[in-house]
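*Asks:* If you scroll down you'll find the structure; I have some questions about it.
The values are calculated or read from the model by the stated rules, or taken from the named source; none is laboratory data. Note that this is a predicted model, so its numbers are computed, not measured. Note that each Cβ is placed from the backbone with ideal geometry, even for glycine, and that neighbours are counted across all protein chains shown.
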Amino acid sequence: MTDERDQGLRVDRRTTIKWLAATMAAGYAGCTPDDKRLGDEIPAARETTLLGTAAGPGTAGYGTDPDLINPVVPWARTMTEVQLRTTAALSDLILPEDGRSPSASAVGVPEFIDEWVSAPYPQQRDDRVRILAGLEWLEQQSRDRFGTAFADAGEDQQSALVDAIAYPDTAANLEEPAEFFRRFRYLTVGAFYSTEAGIEDAGYIGNVPVAGPYPGPSDEAMAHLGGVLKQLGLSLPT
C-alpha cells in the first residue's frame, strides 16, 4: 500500500523497512511500559497543533507469513510535511554532515522515523506518542523563545533547546522531553548506521573478500586489543 506522500521521497519503502527491522532487532532500550506516558511538560495531542496532525497509524502488519521476495508495506506513512521538516532538522543536529559522511537527513533518516511511528506494532505505537509530542514541544519552545520554527532556527538556538533535554541528569522538570530526545537519538543513530554511508563512517570492513591467505589482524588492531586486555588484568594468549 502506498500513499500520495510517498511520491518523490528520497528513500523507498523497502529500504526504510529494512532499517526498521534492523533497529527493532537491536531491542528497546529504556523505560518500562509504565514509564511510557506523557507528563505535564509535553502537551497531549490536540486537534490543531503547530506541526499539524499526523494521520492515524497503520492497523495491519506483515502477519506471520510475509512475501519477502515481493514485499508490500501494508501501512502508509503518516507524518505531516512540517513534522518531517522538524525531524530532519533535529536529526541533522544529532548527525550533521562532516568530512567523512553525509547528514542524517541526506540518507533518509526522517523517512525512517516516519516509517517507524506509522507502523502498527506496540513498540512503534508507544514511540509514536512520545516522538510526535516531543517534536511539538520543540516547536513550541522554539517559537516561544526565538519567534521562529525549530527547523528555521539558527544552529545555536536549536542546540540551546536540545542541550536542555540531552542530559537526563540535568534536565530538571523536563523528564519527558529528555526521554523523547533519548529515544529519538537512538532511532536516528540506529537508522543512520544501517545505511551504506553509516557503515562506511563506522569503519566496518566485514564481508570483504581477501585475496590469498588470511593475513590476520593488523598490528594496530592487536595493539588496541592488548591495551584493552591489560586494563582488564588479562594478557594475550601465546
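*Asks:* Mind checking which pairs have a first residue in the range 208-236 that is closer than 29 Å to Glu196 by Cα and a second that is among the aliphatic types (A, V, I, L, M) and surrounded by fewer than 10 Cβ atoms within 10 Å (Cβ to Cβ), Cβ under 8 Å, 6 or more apart or different chains?
*Replies:* These pairs meet every condition: Met222/Leu236; Leu225/Leu236.
*Asks:* Further question: Whether any residue in the range 89-101 is part of a helix (DSSP H, G or I), in contact with a Leu (Cβ under 6 Å, 6 or more places away or on another chain) and buried (at least 19 other Cβ atoms within 10 Å of the Cβ) is what I want to check. Give the derivation first.
*Replies:* As a first pass, look at the range 89-101 and keep what is part of a helix (DSSP H, G or I): 89-94.
Imposing the further condition that a residue be in contact with a Leu (Cβ under 6 Å, 6 or more places away or on another chain) reduces the set to none.
No, the conditions are met nowhere in the range 89-101.
*Asks:* Of everything in the range 162-179 that's touching a Phe, Trp or Tyr at 6+ places or on another chain (Cβ under 7 Å) and assigned to a helix (DSSP H, G or I), which residue is surrounded by the fewest Cβ atoms within 10 Å (Cβ to Cβ)? Break it down into steps so the answer makes sense when it comes.
*Replies:* Filtering the range 162-179 for residues touching a Phe, Trp or Tyr at 6+ places or on another chain (Cβ under 7 Å) gives 162, 165-166, 177.
Imposing the further condition that a residue be assigned to a helix (DSSP H, G or I) reduces the set to 162, 177.
Numbers: Val162: 19, Pro177: 24.
Step by step, filter the range 162-179, then rank; the result is Val162.
*Asks:* Among the residues in the range 172-180, are any of a type in the set (A, V, I, L, M) and closer than 26 Å to Gly63 by Cα? Break it down stepwise before answering.
*Replies:* Within the range 172-180, the first condition is being of a type in the set (A, V, I, L, M), and the residues that meet it are 172, 174, 178.
Still in the list and also closer than 26 Å to Gly63 by Cα: none.
For the range 172-180, residues of a type in the set (A, V, I, L, M) and closer than 26 Å to Gly63 by Cα: absent.
*Asks:* A follow-up question, please. Can you tell me which of Ala223, Ala191 is surrounded by 10 or more Cβ atoms within 10 Å (Cβ to Cβ), in contact with a Gly (Cβ under 9 Å, 6 or more places away or on another chain), small (Gly, Ala, Ser) and assigned to a helix (DSSP H, G or I)?
*Replies:* Working: Ala223 fails: in contact with a Gly (Cβ under 9 Å, 6 or more places away or on another chain).
Step by step, each of Ala223, Ala191 is checked, and only Ala191 is surrounded by 10 or more Cβ atoms within 10 Å (Cβ to Cβ), in contact with a Gly (Cβ under 9 Å, 6 or more places away or on another chain), small (Gly, Ala, Ser) and assigned to a helix (DSSP H, G or I).
One line per residue, one yes/no per condition, for (1) in contact (Cβ under 8 Å) with a residue 12 or more places away in the chain; (2) buried (at least 22 other Cβ atoms within 10 Å of the Cβ); (3) hydrophobic (A, V, I, L, M, F, W, C); (4) more than 21 Å from Tyr186 (Cβ to Cβ):
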{"site": "Gln124", "(1), (2), (3), (4)": "yes, no, no, no"}
{"site": "Asp127", "(1), (2), (3), (4)": "yes, yes, no, no"}
{"site": "Leu135", "(1), (2), (3), (4)": "yes, yes, yes, no"}
{"site": "Gln140", "(1), (2), (3), (4)": "yes, no, no, yes"}
{"site": "Arg145", "(1), (2), (3), (4)": "yes, no, no, yes"}
{"site": "Ala149", "(1), (2), (3), (4)": "yes, no, yes, yes"}
{"site": "Glu155", "(1), (2), (3), (4)": "yes, no, no, yes"}
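*Asks:* Looking at Gln123, Gln157, which is the one that is within 20 Å of Arg85 (Cβ to Cβ), of a type in the set (S, T, N, Q) and part of a helix (DSSP H, G or I)?
*Replies:* Working: Gln123 fails: within 20 Å of Arg85 (Cβ to Cβ).
Going through Gln123, Gln157 in turn, just one is within 20 Å of Arg85 (Cβ to Cβ), of a type in the set (S, T, N, Q) and part of a helix (DSSP H, G or I): Gln157.
*Asks:* Now a separate question. Going by the structure shown, is Ile205 hydrophobic (A, V, I, L, M, F, W, C), assigned to a loop (DSSP other than H, G, I, E, B) and either touching a Gly at 6+ places or on another chain (Cβ under 8 Å) or modelled with pLDDT of 90 or more (or both)?
*Replies:* On the way: hydrophobic (A, V, I, L, M, F, W, C): yes; assigned to a loop (DSSP other than H, G, I, E, B): yes; either touching a Gly at 6+ places or on another chain (Cβ under 8 Å) or modelled with pLDDT of 90 or more (or both): no.
Spelling it out, it is not the case that Ile205 is hydrophobic (A, V, I, L, M, F, W, C), assigned to a loop (DSSP other than H, G, I, E, B) and either touching a Gly at 6+ places or on another chain (Cβ under 8 Å) or modelled with pLDDT of 90 or more (or both).
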